[in-house]
Amino acid sequence: MEVGRRVKTFVALLGGLAAVCAASALIGPGLGPAASARALAEFFGGGVLPADEYAVILVRLTRLGAAVCVGVALATVGTSLQALLRNPLADPYILGIAAGGGFGAAVATVLGLSGGVAAFSAVNVFAFVGALAAVGAGVVVARAAGILSVHALLLAGVMVGAFFTSLILLVLAVVPARDQHAVFLWLMGDLANPDITPLKVGFTAAVVGVCAGLFVVLARPLDLIALGEESAFHLGLSVERFKLVILACGALATASAVALVGPIGFVGIVVPHALRRVMGPRHLPLLTAAALGGASLVAVGDVLVRAAADYLSMPIVPVGVFTALIGAPYFLAILRRRGY
């Protein structure tokens, strides 16, 4: 019965993701669905498209790729951290990753830096470094006693996040208004950023793919660590080393996502928690389902904000606003159900 339910869930998730990908390619400003379908056929068929149609299709496919990468990263990292910290409310940004990345992006933006490594803008590079620096600071503080305590890690992450958030506010307080607007959009998780290119999406996809694959390979140890550190140790798991591997992999995947589009909240909480009730506690099926669910959620948000912009003739709202509107009530429902 449980296996059949898992199979049905996988089929539904795959079908949903396929439908969302089709909608993402067909819906949006610039081209109607019929014209988009024809342009896509020409695009993938090797035909020659007018410059304006080619640009629209390329932008949509790039946004779709970015949405899928970010969704997979946040959902799989959230699933893994919830097992590691044994807390269903753990989030990929709980270690201060979003705040560190935001500070790096803010500094690069206000300094007017451009260019970077491998065609990446300075904003991407600074955000990536800032996110990893935040995680590193949290781990160093948490290991002050020689053992990486999950409780100390949570507290250190909150403090590091608060510190970098204060630095972001300090930067915004002393920069011109035009730079403030750009930073604010980035901090809301903006897939409409013209700096998101196919090359950047491809690089992020490679990093996220490796990290998500490692999580799947470590699904069995995640099952053990979720039972408790002492139980996992007695069952042969090198607990301290395993913590560092999961944290490093999670930080790398999340930092890559943050560097690409900015922080998009609640995906790492909502998706694993919703699917755990259907897929059960085992992490091999749960991680796979979470990857599909996370990709679908971010892609759905992107389709809806683009459709709303097209229908209402308004600017495109950052997709991070959509995930917050969905995730915040769900988060409160979790708290109420658990009696917090």
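Before moving on, here are some points about what is shown:
- Scanning the range 173-215 for residues that are loosely packed, with under 15 Cβ neighbours inside 10 Å, part of a helix (DSSP H, G or I) and among the hydrophobic types (A, V, I, L, M, F, W, C) yields a total of 6.
- Leu222 vs. criteria buried (at least 18 other Cβ atoms within 10 Å of the Cβ), more than 22 Å from Phe103 (Cα to Cα) and within 23 Å of the chain's Cα centre (by Cα): yes
- Residues of the range 240-256 classified as among the hydrophobic types (A, V, I, L, M, F, W, C) and at pLDDT below 85, total: 0
- Test: residue in the range 8-15 that is over 20 Å from Thr197 (Cβ atoms), without any contact (Cβ under 8 Å) to a residue 40 or more places away in the chain and of a type in the set (S, T, N, Q): no
- Listed by position, the helices (runs of 4 or more DSSP H) enclosed by the range 217-336 that each have at least 2 residues that are of a type in the set (Gly, Ala, Ser) and under 25 Å from Val201 (Cβ atoms) are 239-261, 283-312.
- The range 137-154: number of residues that are without any contact (Cβ under 8 Å) to a residue 12 or more places away in the chain and under 20 Å from the mean Cα position of the chain (by Cα): 0
- Residue match in the range 320-340 (condition: touching a Lys or Arg at 6+ places or on another chain (Cβ under 9 Å) and either of a type in the set (A, V, I, L, M, F, W, C) or more than 27 Å from His181 (Cβ to Cβ) (or both)): no
- The range 19-67 - residue that is part of a helix (DSSP H, G or I) and β-branched (Val, Ile, Thr) and, of those, farthest from Ala192 (Cα to Cα): Val20
- Flag for Leu81 being crowded, with 23+ Cβ neighbours inside 10 Å, in contact with a helix residue (DSSP H, G or I) (Cβ under 8 Å, 6 or more places away or on another chain) and within 20 Å of Ala289 (Cβ to Cβ): yes
- Beta carbons closer than 8 Å, at least 6 apart along the sequence or on distinct chains, pair a first residue in the range 310-333 that is under 23 Å from Asn87 (Cα atoms) with a second that is among the small types (Gly, Ala, Ser) and assigned to a loop (DSSP other than H, G, I, E, B) for Thr323/Gly189; Thr323/Gly265; Ala324/Gly265; Gly327/Gly265.
The values are calculated or read from the model by the stated rules, or taken from the named source; none is laboratory data. Quantities reported herein were computed from a predicted structural model and do not represent experimental measurements. Ideal geometry is used to build each Cβ from the backbone, glycine not excepted, and the neighbour counts take in all protein chains shown.
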